[in-house]
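Inspection log for the structure reproduced underneath, given as structure tokens.
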Amino acid sequence: MNFRDYIIEAQKEKWAIGQFNISNLETLKAIVAAAQKLKSPIIIGTSENESKFLGLEETVALISAVRKKSGLPIILNLDHGKTLDYIKEAVSLGYDAVHFDGSKLSLAENIDITKKVVEFAYRKKVLVEGEVGIIFGSSELHEEKIEVKKEDLTDPEKALKFINETKVDTLAVNVGTFHGLETTGEKHVNIKRLKEIKNKVKNQFLVLHGGSGIPEKDIKEAVRGGIVKININTELRLAFTEGLKKSFSEDSKESVPYKYMPEVISGIQKVVEEKIKLFGSNNKIK
Ligand code: G3H
Ligand code: ZN
């Protein structure tokens, strides 16, 4: 089973595969432990900045090592790639999938570059995610409210045109979510718009970004409505940061990373396990 086989299954059986972002080994360890425990396929994501911090070569090597050791189906995806050059580099170095985020460009420009990405990736059997409709915010805590207006949501007609012309494997859509968590306020999926998009694009695979902080009910409805991949980052970053802060509480004398890190890792693992169960990807390894 490869990535495509899993999303076909997910679409048929109405569950979603989680993409969990990393920028360090501890987070990767936590995600893999959760996937192993729950027998779930997983996607590891790195944004351009995350992959620059970790190193593209190092990330590919790490994934290849954990894949071999765990025997799990693990897909490595470049998340929100912004330029064709960087995407080409990731593909050439061994990424299994790439996301080209041309959502801030005009539709024509977005289509044009995405087509080039698809053409390049296809030769290496690398899957491509495209994006229509900007997904706002960054993967962190936001003090200010992020408002997603109706006109920001993905236009079903544009989504269909984009898919037909680019032949992407998956499409990221704006259905009301944004990246990160608000210190106040809530995040919701606009199920009505998701259904409108799904009716238009039929069997095309849809991706939900900004997965952190979405209420369970909305995630379940989104999966029923046709989402087959959900991206999670902020909640993992927070679990890492909070875990680390706790291990450095005032009275802590611990200075050995391999002694305080296991607790940080189990905090992240707990979050990933909850997401895997919520997405219904547990026990799906074939
Ligand atoms: O591409 C990454 C995701 O969309 C992450 O969103 O930080 O809200 O979980 P999140
Ligand atoms: Zn995203």
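The values are calculated or read from the model by the stated rules, or taken from the named source; none is laboratory data. Because the structure is predicted, anything quoted here is derived from the model rather than measured. We place every Cβ from the backbone using ideal geometry, glycine too, and count neighbours over all the protein chains shown. When the accessible area is computed, the model is the full protein with side chains, heavy atoms only, and any ligands, DNA or RNA have been set aside. Shrake-Rupley method; radii C 1.70, N 1.55, O 1.52, S 1.80 Å.
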Any chance ILE219 is buried (at least 20 other Cβ atoms within 10 Å of the Cβ), within 16 Å of ligand 1 (Cβ to nearest atom) and closer than 20 Å to LYS39 by Cα = no
Please work out which one of (1) touching a residue at least 12 places away in the same chain (Cβ under 8 Å); (2) open to solvent by 80 Å² or more (accessible area, probe 1.4 Å); (3) under 23 Å from GLU129 (Cα atoms) is the condition GLU263 fails and give its number.
-> (3)
Within the range 130-175, which residues are more than 29 Å from GLU119 (Cα to Cα) and away from ligand 1 (no atom under 16 Å from the Cβ)?
-> LYS149, LYS150, GLU151
Of LYS14, LYS52, the only residue that is within 16 Å of ligand 1 (Cβ to nearest atom) and either under 13 Å from the mean Cα position of the chain (by Cα) or modelled with pLDDT of 95 or more (or both) is LYS52
Within the set of pairs 6+ apart or on separate chains, which have a first residue in the range 135-161 that is open to solvent by less than 100 Å² (accessible area, probe 1.4 Å) and modelled with pLDDT under 95, a second that is aromatic (Phe, Trp, Tyr) and away from ligand 1 (no atom under 16 Å from the Cβ), and C-beta atoms under 9 Å apart?
-> none
Might you check whether a residue that is small (Gly, Ala, Ser) and under 22 Å from ASP5 (Cβ atoms) occurs anywhere in the range 71-87?
-> yes
Residue in the range 162-169 that is farther than 30 Å from GLU109 by Cβ, away from ligand 2 (no atom under 16 Å from the Cβ) and surrounded by fewer than 20 Cβ atoms within 10 Å (Cβ to Cβ) present | no
Pull up the range 170-199, narrow it to residues that are open to solvent by 60 Å² or more (accessible area, probe 1.4 Å) and more than 19 Å from LYS14 (Cβ to Cβ), then point me to the one that is farthest from the chain's Cα centre (by Cα).
-> THR184
ASP251 passes all but one of (1) more than 16 Å from ligand 2 (Cβ to nearest atom); (2) in contact (Cβ under 8 Å) with a residue 40 or more places away in the chain; (3) open to solvent by 60 Å² or more (accessible area, probe 1.4 Å); which number fails?
-> (2)
Say whether the condition of being within 15 Å of ligand 1 (Cβ to nearest atom) and among the β-branched types (Val, Ile, Thr) is met by at least one residue in the range 106-123.
-> no
Give just the number: which of (1) more than 16 Å from ligand 2 (Cβ to nearest atom); (2) open to solvent by less than 10 Å² (accessible area, probe 1.4 Å); (3) of a type outside the set (A, V, I, L, M, F, W, C) does GLY18 not satisfy?
-> (1)
